[in-house]
Structure formats: C-alpha cells, structure tokens
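Working notes for the structure below.
The values are calculated or read from the model by the stated rules, or taken from the named source; none is laboratory data. Predicted model, so just to flag it, every value in this text is computed and none were measured. Here Cβ is always computed from backbone atoms with ideal geometry, including for glycine, and neighbour counts include all displayed protein chains.
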C-alpha cells in the first residue's frame with residue numbers, strides 16, 4: 001500500500017531570513033533593526049511572520065536577553081550558508097542589472113503617491129540604486145485597469161472590487177476619519193461617531209466611486225440624511241476645500257499627514273470603525289524581477305513605520 005504525502009510550500013522572503021540572521025548574530029532586536037535599516041517594531045513584525053509561517057518559536061525573549069531556541073539554531077546554520085550563496089549571486093546579478101537597467105512600473109492614486117510612495121521609493125533606492133521606477137498617478141479604477149492589462153507591474157491603493165487573475169497583498173490597514181476646518185474655537189475631538197455627522201455640510205467624492213459608496217452606506221446605517229454640499233474628484237481637492245471652510249469631509253486615515261500641514265481638525269470615525277485595506281495588486285502569472293519581492297517586503301515594514309510616525313496607529 002502506498003501512502004501519498006502532501007507537502008506544503010512555505011514562501012519566505014529574503015528580508016525575513018536576513019532579519020532572523022541579524023537578530024541571531026546581534027542577540028538584540030534593536031541592533032539588528034539598525035543593521036537592516038528598519039525600526040525595531042518593523043523587525044519584530046518580520047520575525048513574528050516567519051515564526052507564524054513555521055509554526056515554531058525561533059527566539060526566547062526577555063527584556064534583557066534574546067537567545068535562539070533549538071529549532072532556531074538548526075535554521076541558523078542553513079540560513080547562514082544559503083544567504084551567503086544568495087548574496088554572491090545577487091551581487092553578480094546586481095552588477096549586470098546596473099548595466100542593463102532593472103525597472104518597476106507602479107501606479108497609485110495621487111495622494112498616496114505623494115505622501116507614502118515617494119518617500120518609500122527614496123529610502124528603498126538608497127539601498128538598491130540600480131532599480132528604476134516608472135510611476136503612474138491616477139484614480140484607483142485606472143490603476144486597476146492598467147494592472148489587469150499588463151501596462152503596470154503593480155498597483156497600490158484601496159481596492160474594493162474582486163479582480164480575477166490578480167494577486168493581492170495587504171500592506172497596511174487604515175480607517176476612515178472626518179476632517180473639519182480648524183477655526184481655533186472648537187474642542188479637539190480624537191473621535192467622532194457617524195451619527196454626529198447629522199446636519200454637517202459634507203464634501204463628497206462622486207457617487208460612482210467605491211470609497212464614497214462605502215461612506216454613504218455607513219451614513220445611512222447611522223441614520224444620517226445628507227446631500228453633498230460639494231462633489232469633487234480627488235482627496236487632495238476635498239482636503240483643500242475643507243480648509244477653505246466649505247464643509248467637512250470623510251477621508252482615509254492615510255491622508256492625515258497631508259492634513260497636518262493645513263488648518264484642519266481631524267478625528268477618527270467610530271461606532272463603527274471602518275477598516276480600509278491598503279494593498280498591492282499584480283497579475284498572478286506575471287513574472288517580475290526578484291527585486292519586486294524585496295520592494296513588497298520593504299513596503300510592508302516601511303508603511304507600518306510611516307503610519308506610526310504619522311500618528312495613524
């Protein structure tokens with residue numbers, strides 16, 4: 001009698017394994033994070049993801065001590081050998097790539113492009129200067145269409161629609177917030193309930209946009225009746241018109257840094273909190289250069305760190 005065995009393939013990233021190696025070498029999360037040019041919280045996230053995928057603990061941690069478990073020591077031997085081989089190969093490939101040029105085409109809405117993607121690219125290219133980016137800033141629907149047609153390697157944004165044949169990777173979870181003109185007289189509220197928006201003059205996006213449809217559904221559930229005081233096409237314009245005193249707007253929390261540079265009061269919408277998954281999309285069968293996976297892993301830790309610095313967490 002024969003027994004068929006099923007083997008599950010676990011997808012590791014080189015960034016996860018390098019994080020594991022550096023923690024093992026330094027026996028310190030903070031020193032390892034510095035060597036990897038990320039925050040300690042970003043490094044901890046990579047290690048937790050690796051341990052979760054393996055289903056075992058790799059380190060014994062206390063406030064003063066970090067040590068490998070027995071299984072961690074076993075993985076370390078293999079990781080050291082394979083990363084050395086990988087570094088040698090990648091160095092040769094990188095030298096060749098710098099001569100021929102490696103590029104990624106990325107699309108995302110304008111506010112995300114300016115506030116999140118631009119500084120992320122700047123930091124990533126400080127370590128991988130051979131990578132060139134071709135950028136496309138437009139509405140979410142246009143980004144989706146270009147990814148599906150193959151005109152873009154990857155797109156980033158809040159995607160509500162199911163896209164057959166498209167691989168989706170969640171990078172971070174944002175939420176909705178309300179912004180008002182700051183006239184200096186109103187109390188600073190950190191949260192606002194949906195029902196408290198009754199009677200407000202709302203500056204909205206077009207009703208055909210999925211984000212606005214989500215907002216309208218929650219306003220209706222809260223019993224808030226409204227007619228848009230003004231309808232605009234872009235979040236940046238909404239923010240500017242709120243500052244001009246033409247009404248209030250409901251926007252994703254990734255817009256918070258852009259609002260801080262203006263005279264605006266911001267508060268998180270609660271009862272309920274509405275999660276918004278910020279994701280990367282790409283064609284499932286599309287072959288991209290190896291650096292694309294490194295860039296995706298980098299973005300996950302970078303955006304978590306960026307959100308923390310921006311006060312979004």
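Taking the condition under 30 Å from residue 51 (Cα atoms), modelled with pLDDT under 90 and part of a helix (DSSP H, G or I), does residue 98 pass? Explain how you work it out, then say what you get.
Values: under 30 Å from residue 51 (Cα atoms): no; modelled with pLDDT under 90: yes; part of a helix (DSSP H, G or I): yes.
So residue 98 does not fit the description; no.
Kindly establish whether residue 179 is closer than 26 Å to residue 247 by Cβ and in the same structural domain as residue 216 (by TED's automatic domain parsing). So residue 179 passes the test.
Do you know which of the residues in segment 135-162 that are more than 19 Å from the chain's Cα centre (by Cα) and in contact (Cβ under 8 Å) with a residue 12 or more places away in the chain is nearest to residue 270 (Cα to Cα)? Looking at the filtered set, the residue picked out is 142.
Can you tell me which residues in segment 198-237 are under 17 Å from residue 247 (Cα atoms) and touching a helix residue (DSSP H, G or I) at 6+ places or on another chain (Cβ under 7 Å)?
Of everything in segment 198-237, those that are under 17 Å from residue 247 (Cα atoms) and touching a helix residue (DSSP H, G or I) at 6+ places or on another chain (Cβ under 7 Å) turn out to be 203, 204, 205, 206, 219, 224, 226, 230, 232, 234, 235, 236.
Looking at segment 27-52 only, could you name the residues that are part of a loop (DSSP other than H, G, I, E, B) and either touching a residue at least 40 places away in the same chain (Cβ under 8 Å) or on the phi > 0 side of the Ramachandran plot (or both)?
Here is the first cut: in segment 27-52, the ones part of a loop (DSSP other than H, G, I, E, B) are 27-28, 37-39.
Correct list: 27, 37, 38, 39.
Identify the residue in segment 223-253 that is in a helix (DSSP H, G or I) and at pLDDT below 90 and, among all such residues, is surrounded by the fewest Cβ atoms within 10 Å (Cβ to Cβ). Give the steps one after another, and end with the answer.
Of all residues in segment 223-253, those in a helix (DSSP H, G or I) come to 235-243, 253.
Still in the list and also at pLDDT below 90: 235-236.
Working: 235: 20, 236: 17.
Only one residue tops the list, namely 236.
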